[in-house]
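Report on the following structure.
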Amino acid sequence: MVDANFYHKKENVTLADVAEVTSAVLQNADKKNEKIADIATMASARAEDICFFYDRKSKEKAAEMKAKACVTTADLAQFVPQGVIPLICENPKLAFIALNEYMYAEHKPQSGIDSSAKIADSAKIGKGCFIGAYAVIGENVEIGDNCVIEPHVVINHNCKIGSNCRIASGASVSYAIIGNDCYIYSGARIGHDGFGFQFMNGQHHRIPQLGRVIIGNDVEIGANACIDRGALDDTVIADGCRIDNLVQIAHNDKLGRGCVIVAQVGIAGSCTLGDFVVLGGQVGLADHLNIGSGAQIAAQSGVMRDVDAGAVVMGSPCVPFKDFMRQVAFLQKNSKK
């Protein structure tokens, strides 16, 4: 069950509302004015709740559901128990997202600037923004309309933030230009020095990092993720990327549109990822690699060479997925001898 103390909940939602929001067909039209109390899983749904059923593997759990209504597909509706009102749609997963967004909204503070925030006189703050306690906004910073800058955020000089962005508590932004509709989660570090050193005369000498971080529109950057600015070229995160918690993206990396980077990934410097690349958890990329569009790299893989567009690879060093499974089968078979 959703704890409504943490979210704004829409009340008096009827099955007719659900059908409209989820593009579903209500099988029992005379039940359209029935109200639902909450969204729940099949296992936890109570008599006034609604649940979602989208996987045939869960048909035994479906048989035990006690919800008032269930959103499912035409193929799976046969497994919904008598007494539970079915709503039929093509994609219950998308319907689940749509109903969640309709019924619940995250808390968004009212616009205004906390008296403890430190904002440079030369900074430009758009309309309808919220600036939280002890936030620091540097010289010549530009922030668009309707942004939320949570407590203890630091935005350093000359950074530009688009409209409808949210930067969560404790994050810091330097040497960066960020587009619209971005969400940077707590503790993220954007634009700090890339890890560049030259060994000379028995010492590691720091190489100046003179580039920027360029982040497109509709990008999410998870908690405690780090994105380093470039050495000379920029580090670029294109539109629609989703970057999980605890990810390291090094200097001069370039991510194409819609990439998904899962937790604890480390991408070394000067790598280029095409559009819609997926990196599973704890993947490591060596430097100066090219990963083609649509490639998928499985969790804990080590990537030492370029990956072709559309390839699915796994292992360390990574190989095509089928080759990896053959290696596993060979080892299992021969280790028993």
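The values are calculated or read from the model by the stated rules, or taken from the named source; none is laboratory data. Note that the structure is a prediction, hence the values are computed from the model and not measured. Reconstructed Cβ throughout: ideal geometry from the backbone, glycine too, with neighbour counts over all protein chains shown.
Some values worked out for this structure:
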| quantity | calculated |
| --- | --- |
| Residues being within 13 Å of D239 (Cα to Cα), more than 13 Å from the chain's Cα centre (by Cα) and hydrophobic (A, V, I, L, M, F, W, C) - total across the stretch 212-228 | 2 |
| Filter result (among the acidic types (D, E) and more than 18 Å from I177 (Cα to Cα)) within the stretch 112-157 | D114, D121, E150 |
| Some residue of the stretch 122-135 being assigned to a loop (DSSP other than H, G, I, E, B) and aromatic (F, W, Y) | yes |
| Scan of the stretch 261-283 for residues that are touching a strand residue (DSSP E or B) at 6+ places or on another chain (Cβ under 7 Å) and in contact (Cβ under 8 Å) with a residue 24 or more places away in the chain, ordered by number | V262, G274 |
| Residue in the stretch 101-110 that is under 30 Å from S23 (Cβ atoms) and small (G, A, S) present | yes |
| Residues of the stretch 156-167 classified as part of a loop (DSSP other than H, G, I, E, B) and either within 17 Å of S111 (Cβ to Cβ) or modelled with pLDDT under 95 (or both), total | 4 |
| Count - residues of the stretch 240-275 that are under 13 Å from the mean Cα position of the chain (by Cα) and not acidic (D, E) | 13 |
| Selection count, the stretch 281-299, where residues are touching a Ser or Thr at 6+ places or on another chain (Cβ under 7 Å) and outside any strand (DSSP E or B) | 3 |
| Pairs with Cβ under 9 Å, 6+ apart, first in the stretch 193-211 and in the same structural domain as N252 (by TED's automatic domain parsing), second loosely packed, with under 10 Cβ neighbours inside 10 Å and among the charged types (D, E, K, R) | none |
